[in-house]
Structure formats: structure tokens, C-alpha cells
1. What is the extension gain from residue 46 to residue 314, computed as 0.36 nm multiplied by their sequence separation minus the C-alpha to C-alpha distance, in nm to one decimal?
2. Name the shape class, rounded, prolate or oblate, that the alpha-carbon gyration tensor gives for the range 93-196, where a ≥ b ≥ c are the square roots of its eigenvalues, rounded holds for a/c under 1.5, and otherwise prolate holds if a/b is larger than b/c and oblate otherwise.
3. Could you tell me how far the Cα centroid of the range 37-99 sits from the Cα centroid of the range 325-389, in Å?
4. By count of other Cβ within 10 Å, fewest leading, how are 75, 61 ordered?
5. Under 20 Å from a point placed 7 Å out from the Cα of residue 304 along the Cα-to-Cβ direction: which residues of the range 244-277 have their backbone N that close?
6. Only counting other Cβ atoms within 10 Å, I'd like 77, 224 sorted with the fewest neighbours first.
7. Of all DSSP beta bridges located in the chain, what percent are antiparallel, nearest 5?
8. Using only alpha carbon pairs under 8 Å that are at least six residues apart, calculate the relative contact order of the range 16-92 and give it in whole percent.
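Every read-out reported here was derived from the displayed coordinates using simple, explicitly stated rules and does not represent laboratory data. In this text, all values refer to a predicted model and were calculated from it rather than measured experimentally. Note: ideal-geometry Cβ built from the backbone for every residue, glycine included; neighbour counts use all protein chains shown.
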Ligand code: FAD
Ligand code: UDP
């Protein structure tokens with residue numbers, strides 16, 4: 001029989017933040033993770049060619065919250081990055097997200113912010129309160145730019161029409177009338193200097209009482225663990241054996257390719273940077289390919305290596321053997337989630353935390369914020385009740 005004050009399901013960001021925080025108060029935590037490693041989808045590793053890549057898709061840390069940045073800073077130093085993305089459409093690389101440079105490419109000459117604002121005024125379709133992802137984009141930029149950059153990408157990624165997705169999905173992407181072409185607006189944009197995996201390892205090292213069981217589904221060990229409170233960070237529908245029907249998720253397939261320095265000879269005409277394959281960290285492919293984006297992480301890590309690795313990202317249906325990467329934000333999925341959330345609210349001894357357990361399309365900083373808030377709540381309400389078992 002294993003004993004723990006807290007049984008934590010999932011060694012991703014939500015699970016590890018709570019494991020570290022609860023361990024810091026002297027509580028005994030047991031983390032059970034079905035994958036063979038720490039970090040959940042934030043996990044990064046060196047590939048067979050020695051290039052650091054993000055195994056489960058690119059993870060660009062950014063935040064406006066000092067509390068979240070300061071908390072993680074106890075476990076990592078940072079490598080400042082301004083994340084830049086381009087979009088490849090009609091055989092050409094476009095400045096993205098939409099900004100003055102995109103407009104200049106569209107009209108084929110230098111322009112001014114005033115002229116671009118006038119174009120947007122003329123083309124946008126006024127919608128007082130955009131209710132879906134089509135409305136949120138056409139109300140800002142009109143049909144031409146929506147169809148060029150958003151419609152095809154969204155259909156591929158979600159297998160749903162943008163009209164059938166919450167406004168928050170495409171509304172994540174900024175539209176700017178000036179020449180600022182950063183992908184995000186957040187004040188703090190940086191990667192953990194030695195990688196996410198090292199950051200998680202440092203959290204473990206700071207938590208002496210913490211035990212982690214890898215390659216283990218929590219359901220396999222439930223009878224063998226004596227615990228007082230559970231932190232659950234897996235999919236909420238699975239927790240309830242999908243009794244109201246499965247929640248929908250989107251999955252991904254990653255295809256990796258490495259280029260040696262020799263194979264990159266002549267590539268500078270495209271990459272504009274020796275030792276690189278493409279012009280920016282990320283290139284989106286809204287229309288012409290089965291993949292949605294190609295990521296070349298070396299642009300962001302600044303790793304000193306002569307070759308480079310790229311990862312193509314193909315959207316995929318969720319099913320057996322696939323990971324539930326994305327909850328799907330839409331009115332119908334939210335209605336189904338609410339049924340599960342009602343059950344979860346009534347659980348006396350279980351906290352549901354993180355992207356899958358609360359079925360929210362959350363970024364890393366939001367998940368850290370949620371986990372820290374749950375720690376505060378547990379500390380206030382339950383901690384004195386939990387005597388060591
Ligand atoms: P997860 O990382 O999913 O962790 C949950 C863990 O629980 C997993 O390791 C899983 O294996 C485990 N688990 C599930 N069920 C069980 C079970 N039955 N038994 C045992 N273990 C179980 N955020 C950003 O801020 N910036 C980005 O650029 C960014 N890019 C992203 C790109 C992709 C492709 C994806 C999918 C996400 C991205 N995110 C990004 C979001 C980020 O990954 C999440 O916010 C964060 O990782 C969520 O952490 P979590 O702990 O809630 O979930
Ligand atoms: N999107 C798009 N075209 C793009 C980039 C994004 O249509 O070039 C839409 C698409 O629906 C995507 C969403 O905006 O899923 C959010 O994009 P983001 O880059 O934030 O996706 P994530 O990194 O979360 O996969």
C-alpha cells in the first residue's frame with residue numbers, strides 16, 4: 001500500500017505546480033503519470049541530432065502576470081525571445097499576424113497606417129458583439145484577409161467551420177494597424193533557458209517528499225494508494241467514464257525532419273539566416289497543405305548547432321492511441337462540459353485543475369495561475385484537516 005496526503009494525476013504543468021506547492025508545506029504527494037516523462041505537453045528534449053525540440057508542439061511561454069513569472073523563476077532562468085510567425089499563402093511568405101507590413105505585401109508597395117486603417121474600415125463587416133470565430137475576424141479585417149489567413153487554417157485545425165467555434169479561438173490572434181509583427185502582446189515573452197524539462201526537474205529537486213510513478217494510469221493503482229485528497233489533471237470526461245458521452249478533442253501528428261549544415265547550403269535565399277531552414281520560428285500554412293504549421297525551434301532557443309530540425313504539425317482526429325491536445329471551444333461542447341463540471345463541483349475530495357480537467361483552451365501561464373489559485377484554496381480550506389495518513 002502506497003500512502004500520500006495528495007494523489008496527483010498527471011505530471012504536466014498543473015500537476016507539477018501543485019505537487020511542488022503542496023510538498024513545500026510538508027505534505028506527501030504522489031504523482032501518477034501515464035507517459036514515461038515529466039512535463040505533460042510542455043516536455044522538450046534533444047532529438048537524435050542534438051537539436052532541442054518541443055516534443056508535443058511549440059510552447060511559447062508568455063505572460064502579463066508577475067506572480068506567475070516570479071513563481072516559475074524559482075525553477076528556471078529565462079532566455080528572452082520575441083516570438084515571430086509568418087504565413088505561407090499563394091506561394092509566398094506573408095507578415096503575420098495581420099499588420100501594416102501584411103497590407104503592404106497585399107497592395108505591393110509601401111503604405112501608411114492611415115491608409116491601412118481606411119482599407120479596414122471599408123472592408124470590415126461591422127458586428128457589435130462577435131459571437132463566433134468567423135465574425136471576430138471579418139469584423140476586424142473583412143472577407144479577403146479572413147479567407148487568405150484564417151478560414152482554411154481553422155477548418156484544418158478544428159475540422160469545424162469558424163462559425164461553429166467560439167470567438168475566442170481566432171480572437172486570440174491580434175490584428176494591428178502598425179508595423180508591430182510580434183505574435184503576442186504579452187509583456188514577458190521567454191523560454192526556460194535550459195528547457196522546460198529542466199525546469200520541471202528543478203521543481204522535483206525542490207520537493208524532497210515527492211514521488212512520481214511514470215507509465216502508470218491512475219486507475220491501475222487506485223486500490224493500492226491510500227490518499228486524502230486527489231488533484232486530477234486528466235480529461236474530465238474520462239474521470240466519469242464518459243457517462244454523458246465523450247467530450248470532443250482535436251489531436252495532432254508531428255513529423256520531424258533534420259537538415260545537416262551541408263543540406264542547408266543554398267537555403268539562405270529562403271531562411272535569410274545561415275544554419276536555418278525557414279525565415280522565422282514558425283510558418284503557418286493556412287491553405288495549401290495538410291499540415292497547419294512548420295516550427296523551427298532553433299530560431300527561438302538560439303542553440304549553437306550547425307544543422308537544424310523542423311517539425312510539421314498535422315491536425316488529427318482524437319481516438320485510441322492519440323493525445324487529447326485541444327479542447328474545442330464552442331457552445332455545444334461547453335454544454336456537455338457543464339454536465340461533467342456539475343459532477344466535479346460536488347466531489348468532496350477531488351480538485352479538477354488544468355486544461356483537460358476544466359476543458360479550457362488555456363495557455364501555460366493561465367494553467368499556472370489556475371494551479372496557484374487552487375493551492376491557495378486548498379491551503380485555506382483543507383490543509384489543517386489533512387493529517388498525515
Ligand atoms: P497536460 O500537459 O495535458 O498534462 C496532463 C497530464 O496528465 C499529461 O501528462 C497526461 O499524460 C496525464 N494524464 C492524463 N490522464 C491520465 C491518467 N488517466 N493517468 C495518469 N496520467 C494521466 N501554451 C502556451 O502558453 N504557449 C504555447 O505556445 C502553447 N502551445 C501549445 C501547443 C500545443 C500543440 C498544445 C497541445 C498546447 C500548447 N499550449 C501552449 C498549452 C499548454 O500545453 C497547456 O496550457 C499546458 O501544458 C497544460 O498543462 P496541464 O497540466 O493542464 O495539461
Ligand atoms: N489561426 C488561423 N490562422 C493562423 C493562425 C491561427 O486561422 O495563421 C486560428 C486557428 O483557428 C487557430 C487559432 O487561430 O487554431 C489559434 O491560433 P494559435 O496560433 O494561437 O494556435 P495554438 O498555438 O494554440 O495551436
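1. 94.4 nm
2. oblate
3. Cα centroid to Cα centroid, the span is 24 Å.
4. Taking fewest neighbouring Cβ atoms as first place, the list is 75, 61.
5. Label zone hits: 260-262, 273-277.
6. Fewest-to-most Cβ neighbours within 10 Å comes out as 224, 77.
7. In the chain, approximately 60 percent of DSSP beta bridges are antiparallel ones.
8. Details: 32 pairs, mean separation 10.9, N = 77.
Relative contact order for the range 16-92 comes out at 14 percent.
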